[in-house]
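*Asks:* Before anything else, here's the structure in question.
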Amino acid sequence: MIELSLISAFLVGLLGGGHCVGMCGGIVSAVSMHLPNQSKHQPKVLFLIAYNAGRILSYTLAGILAGLIGASSFFLRHVLPIQQLLYLISSLMLILLGLYLAGFWYGVTYIENAGRSLWRKLQPYSKRFIPVQNLKQAFALGGLWGWLPCGLVYSVLIAAISTGNAINGGLLMLAFGLGTLPTLLAMGITAVKLKATLQNIWVRRASGLLVLSFGVTGLFRLFSA
């Protein structure tokens, strides 16, 4: 059910806050510190919202592409149980992601290597928007940084492929992006206190084990059907 998948994706984004702080926290802090003089018309939070809107839009577009890839694989459904296979991979990725977030296993980071070549081509363009002078620049910068290699993002993209549908893939990544929004908005405002909380070992382990439970539940549903 796509509804349950959307809830899981949102919670993965929300519970992956410790990872987001490590990957994007420095970027958000840099954007926050180099914003133009604030006014009542354009307060700091508007720039942070614009930045994150661009980032989430990139996630959504990537989800649409992933869904299309999944849809294209369905021509094999008469030869292989492709839908069940994709669902199995998605559930296993949630388990591995949960282990990563809990600090028990770091193999997910190897997935990031898949996107490094693309990022090397995109990164130079980000210099055009730093320092940020207006909301359009903040949005464009967020759009670029949405393609930053990230094991957390790529893990959810694999789940987007398993939907076998462009719209559902996009919605899945949109839900994930919205889940990351509270952490990164708060990071731009109260960086130090938030970072200490989210990277607390027990907070990370509780979050990771909850994400892992999503994957275990998926496996149970698959093999009990």
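The values are calculated or read from the model by the stated rules, or taken from the named source; none is laboratory data. Every value quoted in this text rests on a predicted model; they were computed, and no experiment measured them. When we count neighbours, we look across all protein chains shown, and the Cβ atoms used for this are built from the backbone with ideal geometry, even at glycine. These area figures cover heavy atoms from the full protein model, side chains too; ligands, DNA and RNA do not enter into them. Shrake-Rupley method; radii C 1.70, N 1.55, O 1.52, S 1.80 Å.
*Asks:* Taking the condition of being farther than 30 Å from Phe47 by Cα and either surrounded by 13 or more Cβ atoms within 10 Å (Cβ to Cβ) or in contact with a strand residue (DSSP E or B) (Cβ under 8 Å, 6 or more places away or on another chain) (or both), how many residues in the stretch 105-134 meet it?
*Replies:* Number satisfying all stated conditions: 3.
*Asks:* Among the candidates Leu80, Leu76, Leu96, single out the residue that is at pLDDT 80 or above and open to solvent by 30 Å² or more (accessible area, probe 1.4 Å).
*Replies:* That would be Leu96, the only listed residue that is at pLDDT 80 or above and open to solvent by 30 Å² or more (accessible area, probe 1.4 Å).
*Asks:* A further question follows. Please go through the stretch 165-206 and give me each residue that is at pLDDT 85 or above, farther than 16 Å from Ala50 by Cβ, under 18 Å from the mean Cα position of the chain (by Cα) and surrounded by 17 or more Cβ atoms within 10 Å (Cβ to Cβ), ordered by number.
*Replies:* Within the stretch 165-206, Ala166, Asn168, Gly169, Gly170, Leu171, Leu172, Met173, Leu174, Ala175, Phe176, Gly179 qualify.
*Asks:* Follow-up. Return the only residue of Phe129, Phe104 being in contact (Cβ under 8 Å) with a residue 40 or more places away in the chain, farther than 18 Å from Tyr154 by Cα and not aliphatic (A, V, I, L, M).
*Replies:* Phe104
*Asks:* While we're here: I'd like to verify a number: residues in the stretch 48-63 that are closer than 24 Å to Ile158 by Cβ and open to solvent by less than 20 Å² (accessible area, probe 1.4 Å), how many?
*Replies:* Of the residues in the stretch 48-63, 8 are closer than 24 Å to Ile158 by Cβ and open to solvent by less than 20 Å² (accessible area, probe 1.4 Å).
*Asks:* Criterion first (touching a Lys or Arg at 6+ places or on another chain (Cβ under 8 Å), hydrophobic (A, V, I, L, M, F, W, C) and farther than 30 Å from Lys44 by Cα) does Ala102 satisfy it?
*Replies:* It is true that Ala102 is touching a Lys or Arg at 6+ places or on another chain (Cβ under 8 Å), hydrophobic (A, V, I, L, M, F, W, C) and farther than 30 Å from Lys44 by Cα.
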